[in-house]
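Here's the structure, in C-alpha cells; my notes come after.
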Amino acid sequence: MSDTAVPGTIVIGAGVIGLSAALALQAQGHRVIVLDREGPAAGASAGNAGAFAFTDILPLASPGVLRKAPKWLLDPLGPLSIPPAYALRIAPWMFRFWRACAPGRVAQSTAAQTSLMDLSKAELEPFLRQTGTLAMLRKEGNLQVYENEAEFRASLPGWQARADHGIAFHHMTAAEMADIQPGIAPRFTRGTFTPGWYSISDPKLYTLALADRFAADGGIIQRSEVTALRPLENGVEVIAGGTHRADRAVVAAGAFSHKMVHTLGERIPLETERGYNTTLPTDAFDLRTQITFGGHGFVVSRLSTGIRVGGAVELGGLSLPPNFGRSRAMLTKASTFLPGLKTNGGIEWMGFRLSLPDSLPIIGHARATSRVTYAFGHGHLGLTQSAGTARLVADLVAGRTPAIDLSPFSPRRF
C-alpha cells in the first residue's frame with residue numbers, strides 16, 4: 001500500500017503492549033491501525049511465562065546481579081549468558097548496565113518501577129473487563145524457593161525493599177511450602193510466597209483475544225514491516241512497503257523498535273534479551289502456583305495450555321541462531337527440582353525482549369516530534385506492565401498529564 005492517508009493513529013507492534021495501547025486509544029475515540037511484521041502475538045507475547053509480576057520491582061541492574069554475574073557467565077547454559085560472538089558488540093551496553101547498578105541509581109529505578117507496577121495493577125482488571133478477557137485472569141501467587149539458609153538470607157534485603165513499598169509476602173519453611181505446592185525437592189529448605197502475583201491463563205491466547213476485540217470494535221491490523229518514520233508538520237509518515245500518513249504513531253514493536261528509533265535520529269542504548277522455554281503437556285505436573293527458582297534463573301508456570309519451564313537471560317541480539325541447549329538445561333534442572341515432573345512431549349521456544357541497561361522501559365515522546373510516542377523496552381515485564389503502559393500512551397497522545405511521573409522512563413534520560 002502506498003501514500004495511504006490515515007486520519008488517526010498508527011500503532012507499530014501487535015504484541016501485548018501494542019494491542020493494549022491500540023485498545024486504549026480506540027476507547028478514546030481514535031481511529032487506529034496496527035502494523036506488525038508478523039501479526040498478533042508472534043513474538044515474546046506468545047512465549048512468556050504468563051505472569052503479572054507486580055511484586056517484581058527490583059531492577060535486573062543491581063549489586064546482587066553484579067555479584068552473581070561472573071559465576072553465571074562462566075556457564076554457557078546458566079541464568080545469564082553472552083555468546084562470545086556477541087561480547088564485543090554488547091560491551092558499551094554492559095558498561096551502562098554496570099553504572100546502573102550503583103546503589104543510588106538502583107533506588108531510583110526501584111521507585112520508578114514501583115510506580116509503574118502500581119499503576120499497571122490498578123489498571124489491569126478494568127482493562128480486562130473492558131476487553132472481555134477478565135475470565136482469563138488467575139490469582140495463584142508465586143513461590144520463590146531457596147536451597148539453603150545462606151541463599152535465603154541473601155534475598156532478605158530485596159524483600160525488605162518490597163516491604164517498604166507495601167508488597168505483601170510470607171517467608172516459609174519447607175513444610176509450609178509443601179502445603180502450598182507439594183512435590184518440591186527437599187534440597188529447597190526455605191521459600192517466600194507472594195499472594196499478589198497474578199497470571200493469565202495463556203499469554204498467546206490473551207494477546208489474540210485483544211486483537212479480536214480491537215478488530216471487532218473497528219480496528220485494522222495489517223501485516224507489514226515498518227522500516228522508517230518521518231516527522232511531518234501535521235503528522236507522521238510511516239514507511240512500510242509504501243507510505244502511510246497519520247496524525248500520530250506509537251512505537252511498540254518490542255525488540256524490533258530500535259529500527260524505527262534510529263530513523264528518527266535517536267541514540268537509545270537498546271539491547272535484545274533472548275528468552276527460552278519449554279511448554280510441557282498440562283498433566284506434566286500438579287502445579288498450583290508459579291515457582292521461581294531464582295538461584296537458577298527460571299520459573300515453572302501453569303498455563304491453560306501446558307506447564308511452561310522458562311527464563312534465563314541471553315544477551316545475543318536478533319541475528320544469532322537460537323541455542324536450545326538453554327531450554328534443555330532448564331528442563332533438566334526442573335526435573336531434578338520437581339521430581340514428579342514429566343518432561344516428555346515438550347515444545348521448545350525462543351523469543352526476543354528489548355531491554356534498557358537500567359531495567360526501565362521507554363515511555364514518552366520522540367525527541368524529533370511529539371507526534372511519535374514510544375512504548376517499548378519492558379524486558380521481562382511487558383505483560384505485567386501492559387495495562388499501565390496503555391493508560392500512559394493514551395494520556396500522552398491525548399495531551400493529558402500522565403498518571404505517573406514519566407521522567408524516569410524518558411528516552412532523553414540517556
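The values are calculated or read from the model by the stated rules, or taken from the named source; none is laboratory data. Only a predicted model underlies this, so the values are computations on that prediction, with no experimental measurement involved. Every residue, glycine as well, gets a Cβ built from its backbone with ideal geometry; the counts of neighbours run over all protein chains shown. Protein only, heavy atoms only, side chains kept; ligands, DNA and RNA dropped before computing areas. Shrake-Rupley method; radii C 1.70, N 1.55, O 1.52, S 1.80 Å.
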note = Rounded to the nearest Å, the spacing of the alpha-carbon centers of segment 307-341 and segment 149-213 is 19
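Trypsin sites (Lys or Arg not before Pro), restricted to segment 1-70: which are DSSP loop and have at most 16 other Cβ atoms within 10 Å?
Here the trypsin sites (Lys or Arg not before Pro) that fit, given the DSSP loop and packing criteria, are Arg31.
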inquiry  = Can you show me the helix-derived [θ] at 222 nm for the chain, built from DSSP H runs with n ≥ 4 at -39,500 (n - 2.57) apiece and divided by the number of residues, rounded to the nearest 500.
reply    = -10500 deg cm²/dmol
task = Using only Cα atoms, tell me the angle between helix 149-164 and the longest principal axis of the chain; keep it within 0 to 90° and round to the nearest 10.
result = 40
remark   = Length gained if Ala154 through Phe324 is fully extended, taking 0.36 nm per residue and subtracting the Cα-Cα distance, is 58.1 nm
query = Taking the Cα atoms of the chain, what is the range of coordinates along each of the three principal axes, in descending order and whole Å?
reply = 64, 43, 41
note = Percent relative contact order for the chain, counting Cα pairs under 8 Å at least six residues apart, stands at 27
task = Can you figure out the FRET efficiency of Thr227 with Lys333, using R₀ = 30 Å and their beta-carbon distance, to the nearest 0.05?
result = 0.15
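If I compute solvent accessible area with a 1.4 Å probe over the protein chains, what percent of it on the chain is carbon and sulfur? Don't skip to the end; give the middle numbers.
Working: 8980 of 16540 Å².
Of the solvent-accessible surface of the chain, carbon and sulfur hold 54 percent.
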key: Per-pair calculated FRET efficiency, R0 = 25 Å: Asp217 and Ile239 via Cβ, rounded to 0.05   = 0.40
request  = Any chance you could check the Cα centroid distance between segment 251-292 and segment 31-69 for me, in angstrom?
outcome  = 5
ask   = For segment 311-379, what does the alpha-carbon gyration tensor say about shape, rounded, prolate or oblate, given a ≥ b ≥ c as the root eigenvalues, a/c under 1.5 as rounded, and a/b over b/c as prolate?
value = prolate
query = Where the centroid of each part is defined by its Cα atoms, how far is segment 86-125 from segment 343-414 in Å?
reply = 12
Net charge contributed by nearby residues that have their C-beta within less than 12 Å of Tyr198 (K/R +1, D/E -1) = 0
ask   = How would Leu318, Leu406 line up by accessible area, probe 1.4 Å, largest first?
value = Leu318, Leu406
query = Percentage of Cα-Cα pair distances in segment 238-316 greater than 21 Å, rounded to whole percent?
reply = 53
request  = Hey, can you grab everything whose amide H is under 5 Å from the amide H of Asn142? Only 5+ residues off in sequence or another chain; H modelled, so Pro and N-termini drop out.
outcome  = Thr194, Trp197
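If R₀ is 30 angstrom, what is the calculated FRET efficiency for the pair Lys342 and Arg187, using the beta carbon separation as r and rounding to 0.05?
So the FRET efficiency works out to roughly 0.90.
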request  = Run the 1.4 Å probe and let me know the accessible area of His258, rounded to the nearest 10 Å².
outcome  = 40
task = Report, largest value first, the span of the C-alpha coordinates of segment 140-222 along each principal axis, in whole Å.
result = 55, 32, 20
note = Bridge orientation stat for the chain from DSSP, antiparallel percent rounded to 5, came to 70
ask   = Given a 1.4 Å probe and the protein chains all in place, what does the accessible area of Glu147 round to, in Å² to the nearest 10?
value = 50
message = In Å², and per residue, what accessible area does the chain have when probed at 1.4 Å with the other protein chains present?
response = 40
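Step through the table entries Lys71/Lys259; Lys204/Lys259; Lys121/Lys204; Lys259/Lys333, compare each Cα-Cα distance with 27 Å, and write down the pairs that go over it.
Lys71/Lys259; Lys259/Lys333, as the Cα separations exceed 27 Å there.
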inquiry  = Full-extension gain between Leu134 and His170, please, as 0.36 nm times their residue separation minus the C-alpha to C-alpha distance.
reply    = 10.3 nm
ask   = What number, in percent, do you get for the relative contact order of segment 269-414 if the mean sequence gap of Cα pairs under 8 Å and at least 6 apart is divided by its residue count?
value = 24
task = Between Arg31 and Arg267, with labels modelled 7 Å along Cα→Cβ, what's the label distance in nm to one decimal, could you check?
result = 4.0
request  = Return a whole-number percent for the relative contact order of segment 57-192, with Cα pairs under 8 Å and 6 or more residues apart as the contact set.
outcome  = 24
